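**Q** Would you mind keeping the following structure in view while I ask a few things?
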Amino acid sequence: MLNVQQYDIAIIGGGLAGLGLSIQLGKLGYRVALFEKEQYPFHKVCGEYISMESWNFIESLGLPLSQMDLPLIKKLIVSAPNGTVLTASLPLGGFGISRFTLDEALKKIAVAGNVSVFEKCKVEEVVFTNDTFQLHTSLGDFSSRVCCGSFGKRSNLDIKWKRDFIFHKNNKLSNYVGVKYHIKANFAADTIALHNFKNGYCGISKINNDEYCLCYLTTAANLSDNNNSIQEMEQNVLYRNRHIKNIFENSERVFKTPATISQISFSKKTQLHDHLLLLGDAAGMITPLCGNGMSMALHGSKIAAPVIDHFLQNKISRKELEKAYAATWRKTFAGRLRTGRILQSFFGGQWRTNLLIQCMKIIPGITKWIIAQTHGKPF
């Protein structure tokens with residue numbers, strides 16, 4: 001093919017998994033192309049709480065978190081739709097940082113490390129032929145020996161490839177809507193709160209710049225029942241939990257129009273598609289209730305980097321690369337995803353949520369067990 005740009009690795013999607021992987025492989029001297037359909041910096045619907053398990057890894061990428069004066073989060077508050085409140089400590093804890101800040105910083109590290117970052121570039125098709133990936137994009141054609149997909153919650157490629165989770169339309173793990181604000185609020189800097197309402201929950205925690213991330217997830221049906229109006233839904237559904245109403249009525253919004261995303265699915269996904277390695281949300285989403293999607297994305301990139309390196313050095317075959325990556329990914333994350341899906345389905349109904357939180361208050365061991373099951377160890 002003429003005018004095809006050739007790389008060792010092509011990464012589709014410039015979120016945390018894609019950026020983390022590109023930086024690691026760039027440091028090893030490989031020619032890396034990273035494709036992002038948006039332009040940095042930009043806001044993403046995200047809880048913006050990262051488990052401390054990721055701290056050392058992020059610093060190893062070149063971002064000095066310890067010098068950024070970020071809020072450290074050690075406490076958890078959970079409220080039921082009826083207002084019952086549970087408090088608990090987070091043994092490992094986490095920290096808050098805006099994706100607007102984090103992604104831009106990692107992108108700059110990637111570029112400085114000789115990663116070719118193609119912004120505002122949509123990958124339209126990927127074809128694997130003759131042991132090489134051919135990528136057709138809005139900025140031209142590319143080829144690579146290895147291709148990775150870290151393209152988020154639902155992409156044009158997912159639809160084109162007819163991945164199984166696309167067809168899971170009406171179960172308790174599909175068709176969610178996410179909404180995010182940044183706000184100024186009077187709320188404890190060391191605490192993350194998760195407030196439940198009918199068919200959804202709302203999280204708040206401090207991030208950088210003396211702001212708070214206010215992010216909630218609910219069903220598309222909730223939005224539809226309120227004339228597809230976010231404001232109406234907030235007033236008619238979310239405000240029934242007095243804790244959420246208090247936050248909305250006693251805070252200042254940094255940006256008036258929220259960031260939104262639809263058609264979110266937590267159904268089980270695969271980690272491979274036609275020899276392409278999938279990372280981050282493309283490989284499997286943990287429910288936001290567990291608060292560890294960003295850590296899992298970063299950890300997934302650390303799992304992928306060494307096996308890709310071994311393959312490019314011809315130390316292992318492509319089949320061995322794919323087998324090793326998928327097996328390690330499942331061993332590391334399958335249990336956390338399973339726990340998250342169970343929690344997600346349980347928290348769907350009001351009476352079930354009220355009952356679970358009441359039981360967690362009476363028996364603290366339940367809370368400790370759930371926290372342990374949804375958090376990983378430092379990597």
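**Q** If Lys160 passes every condition in (1) touching a residue at least 40 places away in the same chain (Cβ under 8 Å); (2) touching a strand residue (DSSP E or B) at 6+ places or on another chain (Cβ under 9 Å) but one, which one does it miss?
**A** Single failed check for Lys160: (1).
**Q** In addition: Check whether at least one residue in segment 317-337 is surrounded by fewer than 19 Cβ atoms within 10 Å (Cβ to Cβ) and farther than 27 Å from Leu278 by Cα, and report yes or no.
**A** No, because not a single residue in segment 317-337 is surrounded by fewer than 19 Cβ atoms within 10 Å (Cβ to Cβ) and farther than 27 Å from Leu278 by Cα.
**Q** Suppose the filter is at pLDDT 95 or above, closer than 18 Å to Cys148 by Cβ and either of a type outside the set (Lys, Arg) or buried (at least 17 other Cβ atoms within 10 Å of the Cβ) (or both); does Leu298 pass it?
**A** When the stated conditions are applied, Leu298 passes them.
**Q** How about segment 348-379: which of its residues are of a type in the set (Lys, Arg) and buried (at least 16 other Cβ atoms within 10 Å of the Cβ)?
**A** Passing the criteria: only Lys361.
**Q** Hey, another quick one. Would you check if Val45 is in contact with a strand residue (DSSP E or B) (Cβ under 6 Å, 6 or more places away or on another chain), over 18 Å from Phe151 (Cα atoms) and modelled with pLDDT under 95?
**A** no
**Q** From (1) small (Gly, Ala, Ser); (2) touching a Ser or Thr at 6+ places or on another chain (Cβ under 8 Å); (3) part of a strand (DSSP E or B), pick out the condition that doesn't hold for Gly47.
**A** For Gly47, the failing item is (3).
**Q** Considering only segment 205-228, how many residues are on the phi > 0 side of the Ramachandran plot and among the basic types (Lys, Arg)? Give the derivation first.
**A** So the first thing to find is which residues in segment 205-228 are on the phi > 0 side of the Ramachandran plot, and the list is 209-210, 227-228.
Filter once more, keeping what is among the basic types (Lys, Arg): none.
Number of matching residues: 0.
**Q** Output the qualifying pairs, or none if there are none: Cβ atoms under 6 angstrom, residues six or more apart or on different chains, first residue in segment 7-33 and farther than 18 Å from Ala283 by Cα, second residue surrounded by fewer than 24 Cβ atoms within 10 Å (Cβ to Cβ) and at pLDDT below 95.
**A** What qualifies is Gly26/Asn114.
**Q** Further question on the same structure: Might you let me know whether segment 74-87 holds any residue that is of a type outside the set (A, V, I, L, M), surrounded by 19 or more Cβ atoms within 10 Å (Cβ to Cβ), farther than 25 Å from Ala305 by Cβ and touching a helix residue (DSSP H, G or I) at 6+ places or on another chain (Cβ under 7 Å)?
**A** Yes; the residues of segment 74-87 include at least one that is of a type outside the set (A, V, I, L, M), surrounded by 19 or more Cβ atoms within 10 Å (Cβ to Cβ), farther than 25 Å from Ala305 by Cβ and touching a helix residue (DSSP H, G or I) at 6+ places or on another chain (Cβ under 7 Å).
**Q** To continue, here is another question. Considering segment 207-229 alone, what residues qualify as being surrounded by 17 or more Cβ atoms within 10 Å (Cβ to Cβ) and within 17 Å of Phe255 (Cβ to Cβ)?
**A** Correct list: Ile207, Asn208, Glu211, Tyr212, Cys213, Leu214, Cys215, Tyr216.
**Q** Ok, one more. Which residues, taken from segment 63-73, are surrounded by 16 or more Cβ atoms within 10 Å (Cβ to Cβ) and either without any contact (Cβ under 8 Å) to a residue 40 or more places away in the chain or in a loop (DSSP other than H, G, I, E, B) (or both)? Step through it out loud before you land on a result.
**A** Taking segment 63-73 first, the residues surrounded by 16 or more Cβ atoms within 10 Å (Cβ to Cβ) are 63, 65, 70-71, 73.
Within segment 63-73, Leu63, Leu65, Leu70, Pro71 meet the criteria.
**Q** Out of the residues in segment 10-44 that are β-branched (Val, Ile, Thr) and part of a strand (DSSP E or B), which is surrounded by the most Cβ atoms within 10 Å (Cβ to Cβ)?
**A** Ile11
**Q** Name the one entry in Phe133, Phe95, Phe118 that is more than 25 Å from Gln6 (Cβ to Cβ), buried (at least 20 other Cβ atoms within 10 Å of the Cβ) and in contact (Cβ under 8 Å) with a residue 24 or more places away in the chain.
**A** Of Phe133, Phe95, Phe118, the one residue that is more than 25 Å from Gln6 (Cβ to Cβ), buried (at least 20 other Cβ atoms within 10 Å of the Cβ) and in contact (Cβ under 8 Å) with a residue 24 or more places away in the chain is Phe95.
**Q** Out of segment 119-130, which residues are more than 23 Å from the chain's Cα centre (by Cα) and part of a loop (DSSP other than H, G, I, E, B)?
**A** Answer for segment 119-130, where residues must be more than 23 Å from the chain's Cα centre (by Cα) and part of a loop (DSSP other than H, G, I, E, B): just Asn130.
**Q** Do you know which residues across segment 109-118 are part of a helix (DSSP H, G or I) and farther than 14 Å from Ile58 by Cβ?
**A** Passing the criteria: Val111, Ala112.
The values are calculated or read from the model by the stated rules, or taken from the named source; none is laboratory data. Computed from a predicted model, the values in this text were never measured in an experiment. When we count neighbours, we look across all protein chains shown, and the Cβ atoms used for this are built from the backbone with ideal geometry, even at glycine.
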